[in-house]
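One structure is given below, encoded as structure tokens.
The values are calculated or read from the model by the stated rules, or taken from the named source; none is laboratory data. Predicted model, so just to flag it, every value in this text is computed and none were measured. Ideal geometry is used to build each Cβ from the backbone, glycine not excepted, and the neighbour counts take in all protein chains shown. These area figures cover heavy atoms from the full protein model, side chains too; ligands, DNA and RNA do not enter into them. Shrake-Rupley method; radii C 1.70, N 1.55, O 1.52, S 1.80 Å.
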Amino acid sequence: MSIPMNYDENFPKITSHAKEYGFVFPSSEIYDGLGAVYDYGQMGVELKNNIKTAWWKAMVQMHENIVGLDAAILMHPTTWKASGHVDAFNDPLIDNKDSKKRYRADVLIEEHIAKYEAKAVKDADKKARKEGWATGDEAYQGFLVNSRNGRKAAELQARYEAVLNGENMLQGLYDFIVEEGIADPESGSKNWSEVKQFNLMFKTQLGATAGSALDLYLRPETAQGIFVNYLNVQKTGRQKLPFGIAQIGKAFRNEIVARQFIFRMREFEQMEMQYFIKPGTQMEWFEYWKAARSKWHQALGLKPEYLQFHTHEKLAHYADAAEDIQFRFPFGFKELEGIHSRTDFDLGNHEEYSGKKLRYFDPETQESYVPYVLETSVGLDRTFLAHLSNAYTEEEVPNAKGGTDTRVVMKFHPLLAPIKAAIFPIVKKDGLPEVARKLFDELKYDFPVDYEEKDTIGRRYRRHDAIGTPYCIAVDHDTLQDQAVTIRDRDTMEQVRLPLTEVSTYIKRKLDWREVLG
Ligand code: GAP
């Protein structure tokens, strides 16, 4: 399988679909919204909760040695000094002196390189149409890499990586922008300031009086809530290494370039797990968690060809190894999840700053040491966007007039779908609504169901295709005689006739976590 050629054109359609069907709304929209902050609507909250459940089950419930935590967003300010965020959680920014606009220098460069990559893809697609190649073909890939634009993109990428790893990164970024003639995307001006670092943490205050107020930060990652509780959980849970602590919660970053819908937000949610291990075993666990996390994404239906690993060129201040699981969003392969070997950086620093011992006494070796940590960190909102992108499908289907219609169908995994089944009496009379309501009242204890009696049955099917409901159940006149209903499968549109008494078991069998996580 390969990426469909018009896949990237889906992005604007996905963002408007998400709003039209109650998945995602701009925050405080009646006041014209707030940059890069979003609210989840009636469908969105269900999808989000289902993703959280899938993660919690896979990480906590299915591992004897991983437990959960729900730490506060506000933490003692020294946490962020110890974690390195006060000194090192920065983005390199550049100002345009004419337009007075501020940009992330690294993003300007990445977008510049992406332009050459996009040109190379366009050339390759043109050639592919002539030659009859598919995007996955060796000939296509060869053409892509060796074309003029493909070579230029690779050359710039190599130079960019050298800058990121170089001694004077800020100067290197500035030189790159000037030498490549990169212009302000809005004004076209090339009159740039020097590149400076900008801290991404949001500040707030604890306490009412100016003199005694304590300056705090909104947490930029959930991980530190886990580190500061390491000893509490280890001791009260009598945990032995290796063991993990998992947490789902909000994080906040004052992103300068906050774009691409819910891909980069200022307020977002993370699902993080810190795995405490014996020093020296980190590479073994690194490989283990890379494989486990990639399997989880695929088990929930993300297409394997949309997933790839990416090794970090520049390691974060806390890591000795890091790889991303990237997803092919409709704007390119981008980070979905990070797998980080964090060594004893965090616990070691918290020991130093707090003056409290954060050690593990190893009963086997009779030694006491600061454990190493292997982290898996996935964005909930990015996983949500990955599933929207993965599920969004436009299909030609036959209509009643003998022609075809285009249907938009969200092909979510049934376990992630916001609503599992919709029940329709085919007409609003003759006792059919009563039978349908009775079925609704039985099924509502098992999973989220919807009841709809308005509009033609075709319209009702389309509405539920658009939100990804996997099963639609029609109650018709025959139901009154045979006590059976018709169940339509969202993806195949095939229909089966089942006794009313078997509907719940039939759908429950399709919603089995064992199938997904086993
Ligand atoms: N504790 C490690 C950590 O926070 P990270 O790579 O900065 O690592 C982890 O973030 C994940 O959080 C990312 O892979 C991404 O899915 C998500 N994430 C980070 N910044 C985000 C943002 N501004 N908006 C949405 N998701 C974000």
| message | For the condition assigned by TED's automatic domain parsing to the domain that holds Leu108, in contact (Cβ under 8 Å) with a residue 24 or more places away in the chain, in a helix (DSSP H, G or I) and open to solvent by 70 Å² or more (accessible area, probe 1.4 Å), what is the one hit in Gln171, Gln157? | response | Gln171
| request: Determine whether the range 494-513 contains at least one residue that is crowded, with 18+ Cβ neighbours inside 10 Å, of a type in the set (Asp, Glu) and within 34 Å of the chain's Cα centre (by Cα). | output: no
| said: Report every pair of residues separated by at least 6 positions or lying on different chains whose Cβ atoms are under 6 Å apart, first residue within the range 354-368 and within 15 Å of Leu231 (Cβ to Cβ), second part of a loop (DSSP other than H, G, I, E, B). | reply: Arg359/Val370; Tyr360/Leu241; Tyr360/Pro371; Ser368/Arg359
| query | Does Arg266 meet the test of being of a type in the set (Lys, Arg) and open to solvent by less than 40 Å² (accessible area, probe 1.4 Å)? | reply | no
| said: Condition (residue is at pLDDT 95 or above and under 19 Å from Tyr360 (Cβ atoms)) applied to the range 323-341: is it met by at least one residue? | reply: yes
| request: Count, please, the residues in the range 369-394 that happen to be more than 16 Å from the ligand (Cβ to nearest atom) and either open to solvent by less than 10 Å² (accessible area, probe 1.4 Å) or at pLDDT below 95 (or both). | output: 2
| message | If I ask for residues that are small (Gly, Ala, Ser), more than 30 Å from Tyr372 (Cβ to Cβ) and modelled with pLDDT of 95 or more, which ones from the range 189-235 would you list? | response | Ser189, Ser193
| Residues in the range 415-423: is at least one modelled with pLDDT of 95 or more and either over 29 Å from the mean Cα position of the chain (by Cα) or within 16 Å of the ligand (Cβ to nearest atom) (or both)? | yes
| said: Need the failing condition index for Glu180 against (1) surrounded by 13 or more Cβ atoms within 10 Å (Cβ to Cβ); (2) under 14 Å from Leu93 (Cα atoms); (3) at pLDDT 95 or above, just the number. | reply: (2)
| Candidates Phe440, Phe447, Phe424, filtered to the one that is open to solvent by 20 Å² or more (accessible area, probe 1.4 Å), closer than 19 Å to Ile467 by Cβ, of a type in the set (Phe, Trp, Tyr) and in contact with a strand residue (DSSP E or B) (Cβ under 9 Å, 6 or more places away or on another chain) | Phe440
| If you check Asn50 against the conditions, is it open to solvent by 20 Å² or more (accessible area, probe 1.4 Å), among the polar types (S, T, N, Q) and in contact with a strand residue (DSSP E or B) (Cβ under 9 Å, 6 or more places away or on another chain)? | no
| said: Please list, ordered by residue number, the strands (runs of 3 or more DSSP E) wholly in the range 211-288 having 2 or more residues that are within 16 Å of the ligand (Cβ to nearest atom) and under 30 Å from Thr365 (Cα atoms). | reply: 243-252, 267-277
| said: If Phe329 meets every condition in (1) more than 16 Å from the ligand (Cβ to nearest atom); (2) open to solvent by less than 10 Å² (accessible area, probe 1.4 Å) apart from one, which number is that one? | reply: (1)
| message | Every residue in the range 63-91 that is at pLDDT 95 or above, of a type outside the set (Gly, Ala, Ser) and assigned to a strand (DSSP E or B), please. | response | Ile66, Val67, Leu74
| query | Being part of a strand (DSSP E or B) and of a type in the set (D, E, K, R), is that true of even one residue in the range 460-472? | reply | no
| field | Hits in the range 35-47 (condition: modelled with pLDDT of 95 or more and open to solvent by 30 Å² or more (accessible area, probe 1.4 Å)) | value | Tyr38, Asp39, Tyr40, Gln42, Val45, Glu46
| note | Over the range 333-368, the set of residues more than 12 Å from Ser83 (Cβ to Cβ), open to solvent by 20 Å² or more (accessible area, probe 1.4 Å) and within 16 Å of the ligand (Cβ to nearest atom) is Phe333, Lys334, Glu335, Thr343, Asp344
| task | For the range 188-198, enumerate the residues that are open to solvent by 50 Å² or more (accessible area, probe 1.4 Å) and either closer than 25 Å to Gly84 by Cα or touching an Asp or Glu at 6+ places or on another chain (Cβ under 7 Å) (or both). | result | Asn191, Glu194, Lys196, Gln197, Phe198
| Residue in the range 302-318 that is nearest to the chain's Cα centre (by Cα), counting only those that are outside any strand (DSSP E or B) and surrounded by 17 or more Cβ atoms within 10 Å (Cβ to Cβ) | Leu302
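Can you pull out the residues in the range 455-493 that are polar (S, T, N, Q) and open to solvent by 70 Å² or more (accessible area, probe 1.4 Å)? Let's see the steps before the verdict.
First pass over the range 455-493, keeping only residues polar (S, T, N, Q): 456, 469, 479, 481, 483, 486, 492.
Within the range 455-493, Thr456, Gln481, Gln483, Thr492 qualify.
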